[in-house]
Amino acid sequence: MAAARPSWAGRNFVLLSAATVIAGLGNSGAMIATSFAVLDAGGSAADVGLVAAARTVPLILFLLIGGAVADRLPRHHVMVAANCVNFVSQGAFALVILSGTARLWEMVLLAALGGTGQAFFAPASEGMVLASVSGAQAGRAFAVFRIGVNGATIGGSALGGALVATVGPGWVLAVDSAAFAVAGALRAFLDVSGVPKRAASGGILDDLRDGWREVVSRPWLWAIVVQFSVVNAMMITVQSVYGPLVAKERLGGAGPWGLALAAFGAGTAAGALLMTRLTPRRILLTGTLGVFPVALPAAALAIPVPAGWLPPIMFCTGISIEVFAVTWMVALHQEIPEEKFSRVSSYDWLGSLAMVPVATSLAGPTQDLIGRPAALWSCAALIVLLTAAVLFIPDVRHLTRRPTTTPEAPAPPNSPPRPENPQHRTSNAPAQDPGTHQHNAGN
């Protein structure tokens with residue numbers, strides 16, 4: 001007999017979670033498959049970077065427009081349309097790879113199309129999960145959602161790597177295309193009859209200005225977005241550039257580094273499980289304190305510690321970043337007006353991604369200029385200093401979880417009646433298929 005699901009896990013929550021897990025499984029494998037597809041087609045390491053950049057650049061360019069559009073149109077329609085775009089782009093990518101005639105410009109173009117779809121999906125998806133549950137259960141719901149997201153990332157990466165080795169990257173991309181189709185179909189069945197209609201607004205530029213005002217009017221919000229523009233850039237630089245180099249030269253190669261990255265993924269899953277039990281009162285203070293351990297991998301690689309120490313360090317880092325992710329989501333869910341959260345989300349996403357290509361491109365020259373240990377210590381120092389600076393903002397230290405907040409978000413279908421007290425305002429968090437404030441993407 002199947003266990004009864006919690007009362008807050010209504011039909012919409014189940015559909016959204018299932019769609020995200022399915023898309024996450026496909027997308028995690030596709031990230032590996034894309035790199036090997038470029039290499040199998042005769043591309044160089046620079047070509048792999050070019051295809052990766054082709055996805056990231058339109059994602060950054062169109063995020064703000066995607067947020068404004070998601071606040072003007074039904075968000076689930078935007079999500080389904082974006083899934084359709086990614087279904088087409090990944091399907092076409094699979095076809096050109098399987099044909100054996102793939103050319104670099106084709107792969108760049110299709111990667112850019114996929115990034116454009118993600119730019120519209122991500123802001124639209126931010127509030128959908130928490131809009132499907134009651135305010136009192138928001139933190140627990142998002143933590144459960146993140147367990148599925150992180151599990152899909154870990155499982156998708158492992159399965160994708162195995163499939164690339166056995167059947168080739170083209171078929172893995174075809175599976176990813178099919179996963180987008182299934183995810184889009186599930187999201188098409190969302191019941192949004194209880195979502196209040198939004199009042200007509202001005203043009204897209206008016207919406208973007210309004211979203212900007214929402215961000216800059218809250219010091220805790222813009223400060224943490226600025227903080228994570230650097231924290232994310234440092235984390236990704238350490239994991240994608242310096243970590244593999246140190247592992248190759250000092251730690252035994254790709255095997256130990258792969259184990260360390262797997263431990264990080266396991267830590268994020270453990271952190272999400274932990275946050276289903278914890279309900280800290282000072283949400284931003286708890287989350288910000290959880291960011292300090294994110295500096296540990298950079299410091300460990302700067303020393304460098306023995307290879308056996310890296311997995312537990314990365315595991316603890318995964319837990320800490322997940323504590324931040326859930327508390328950040330709860331704060332935004334509580335404080336941001338529902339009708340504006342997608343455009344606010346787009347600024348959060350932009351801040352979280354904008355510095356990443358800059359940091360990764362400067363990693364090599366920085367290492368050549370000051371040496372790799374100094375570069376790694378600099379990454380760790382920036383994370384610690386910016387996190388400490390954020391704690392000087394009073395709202396970061398004092399913003400507290402409210403049992404009920406304003407205004408009421410729509411109830412999920414078949415959920416029990418809510419109390420008459422004012423309820424929550426919704427959200428901006430790493431809820432793409434998947435996400436953290438360290439936005440792990442894939443829709």
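The values are calculated or read from the model by the stated rules, or taken from the named source; none is laboratory data. Note that the coordinates shown come from a computational prediction; the quantities given were computed from them, not determined experimentally. Neighbour counts are summed over all protein chains in view; Cβ atoms, including those assigned to glycine, are modelled from backbone coordinates with ideal geometry. When the accessible area is computed, the model is the full protein with side chains, heavy atoms only, and any ligands, DNA or RNA have been set aside. Shrake-Rupley method; radii C 1.70, N 1.55, O 1.52, S 1.80 Å.
Here are the numbers for this structure:
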read-out: Gly371 vs. criteria at pLDDT 85 or above, small (Gly, Ala, Ser) and either on the phi > 0 side of the Ramachandran plot or loosely packed, with under 15 Cβ neighbours inside 10 Å (or both); value: yes
read-out: Verdict on Asp210 being closer than 29 Å to Ser17 by Cβ and either outside any loop (DSSP other than H, G, I, E, B) or modelled with pLDDT of 75 or more (or both); value: no
read-out: Filter pass, Val226 being open to solvent by less than 40 Å² (accessible area, probe 1.4 Å) and closer than 29 Å to Ala52 by Cα; value: no
read-out: Lone unmet requirement of (1) open to solvent by 20 Å² or more (accessible area, probe 1.4 Å); (2) in a helix (DSSP H, G or I) for Asn83; value: (1)
read-out: Set Ala54, Ala18, Ala112, Ala102: member being farther than 20 Å from Phe341 by Cβ, in a loop (DSSP other than H, G, I, E, B) and open to solvent by 10 Å² or more (accessible area, probe 1.4 Å); value: Ala102
read-out: Contacts under 6 angstrom Cβ, first residue in segment 328-350 being farther than 15 Å from Arg218 by Cα, partner modelled with pLDDT of 85 or more and assigned to a helix (DSSP H, G or I), 6 or more apart; value: Val330/Ile283
read-out: Leading residue by the ranking (modelled with the highest pLDDT) among those in segment 22-51 that are surrounded by fewer than 17 Cβ atoms within 10 Å (Cβ to Cβ) and outside any helix (DSSP H, G or I); value: Gly42
read-out: Any chance Arg103 is of a type in the set (D, E, K, R) and over 24 Å from Ala181 (Cβ atoms); value: yes
read-out: Within segment 229-270, considering residues that are surrounded by fewer than 22 Cβ atoms within 10 Å (Cβ to Cβ) and polar (S, T, N, Q), the one nearest to the chain's Cα centre (by Cα); value: Ser229
read-out: Exclusive hit being of a type in the set (Val, Ile, Thr), within 23 Å of Thr400 (Cβ to Cβ) and open to solvent by 10 Å² or more (accessible area, probe 1.4 Å), set Val344, Val323, Val305; value: Val323
read-out: Residues (within 21 Å of Val225 (Cβ to Cβ) and of a type outside the set (Val, Ile, Thr)) located in segment 281-303; value: Arg282, Leu284, Leu285, Gly287, Leu289, Gly290, Phe292, Pro293, Ala295
read-out: Segment 382-399 - residue that is under 25 Å from the mean Cα position of the chain (by Cα) and open to solvent by 40 Å² or more (accessible area, probe 1.4 Å) and, of those, farthest from Arg282 (Cα to Cα); value: Leu382
read-out: Contacts under 7 angstrom Cβ, first residue in segment 215-231 being modelled with pLDDT of 90 or more and assigned to a helix (DSSP H, G or I), partner basic (Lys, Arg) and open to solvent by less than 10 Å² (accessible area, probe 1.4 Å), 6 or more apart; value: none
